[in-house]
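Asker: Please find one structure pasted underneath; my questions will follow.
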Amino acid sequence: MEQSAVVSKKMEGKRSKMWIVFVIGAVLAWGVYGPALHKGQTQLGNPLKALLCVGFAYFLIGVLVPVVGLSSQGGLSGFNAGGSVWSIAGGALGALGAVCIIWAFKAGGIPNIVMPLVFGGAPLVNVVVSIAMHPPKNAPNPLLYVGFLLAALGGGIVLYYKPS
């Protein structure tokens with residue numbers, strides 16, 4: 001094997017594991033999201049003020065960062081309709097989720113109940129929607145349904161035994 005191929009293979013191996021770092025980042029960010037949002041909403045006294053602050057943060061991170069990054073690469077053009085529509089829909093669903101969490105807190109929910117329900121239920125919905133959008137070539141393994149039950153059971157156990 002040529003030396004360049006060996007180096008490329010080593011870099012590919014390192015790059016292929018990098019996604020785990022970003023998964024950990026998302027888990028940490030979203031794991032703290034509910035308690036931080038609840039505390040902010042409580043201190044602001046109005047859920048719409050909290051939502052406005054969330055929107056401002058989304059703007060700073062979700063708009064300014066990619067504009068700066070894309071402009072430095074000369075990539076601010078070439079958007080296609082399909083990718084743009086689906087990406088906007090994804091962003092809207094994320095923002096709608098934030099609105100629902102804020103209103104759940106306003107209606108009396110607390111982070112150690114609301115967030116486990118959200119993060120326990122969301123993966124189940126994700127799998128069902130992903131299967132519908134990208135149908136598998138073969139029927140799902142029956143253990144998938146056992147996994148659904150275990151996820152629901154696990155969420156129930158976490159909620160039942162949560163610290164008071």
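Asker: Taking the simple approach of a point 7 Å from Cα along Cα-to-Cβ for both LEU44 and ASN138, what is their distance in nm?
Answerer: 4.9
Asker: Just to be sure I understand the rule: take each whole DSSP H helix in the chain, project its Cα atoms onto its long axis, keep it if the span is 24 Å or more and its mean Kyte-Doolittle hydropathy is at least 1.0. Which ones pass?
Answerer: Helices passing the filter in the chain: 81-106, 111-133, 143-160.
Asker: Once you put a point 7 Å from the Cα of ALA29 and another 7 Å from the Cα of LEU117, both along the Cβ direction, what distance in nm separates them?
Answerer: According to this spin-label approximation, the distance is 2.6 nm.
Asker: Moving on to the next point. What is the stretch 110-164 by shape, rounded, prolate or oblate, if you read a ≥ b ≥ c off the alpha carbon gyration tensor as root eigenvalues and call it rounded for a/c under 1.5, prolate for a/b larger than b/c, and oblate otherwise?
Answerer: oblate
Asker: Only helical DSSP H runs with n ≥ 4 go in: add -39500 (n - 2.57) per run for the chain, normalise by residue count and round the 222 nm mean residue ellipticity to 500 deg cm²/dmol.
Answerer: Result for the chain: -27000 deg cm²/dmol, rounded to the nearest 500.
Asker: Mind jotting down the distance between the C-alpha centroids of the stretch 85-130 and the stretch 137-164, whole Å?
Answerer: Taking the Cα centre of the stretch 85-130 as reference, the centre of the stretch 137-164 is 18 Å away.
Asker: Project the alpha carbons of the chain onto their principal axes and report the range along each, largest first, in whole Å.
Answerer: Here the spans come out as 62, 45, 31 Å, largest first.
Bear in mind that the values in this text are calculations on the coordinates, not laboratory data. In this text, all values refer to a predicted model and were calculated from it rather than measured experimentally. Neighbour counts run over all protein chains shown; Cβ positions are idealised from the backbone, glycine included.
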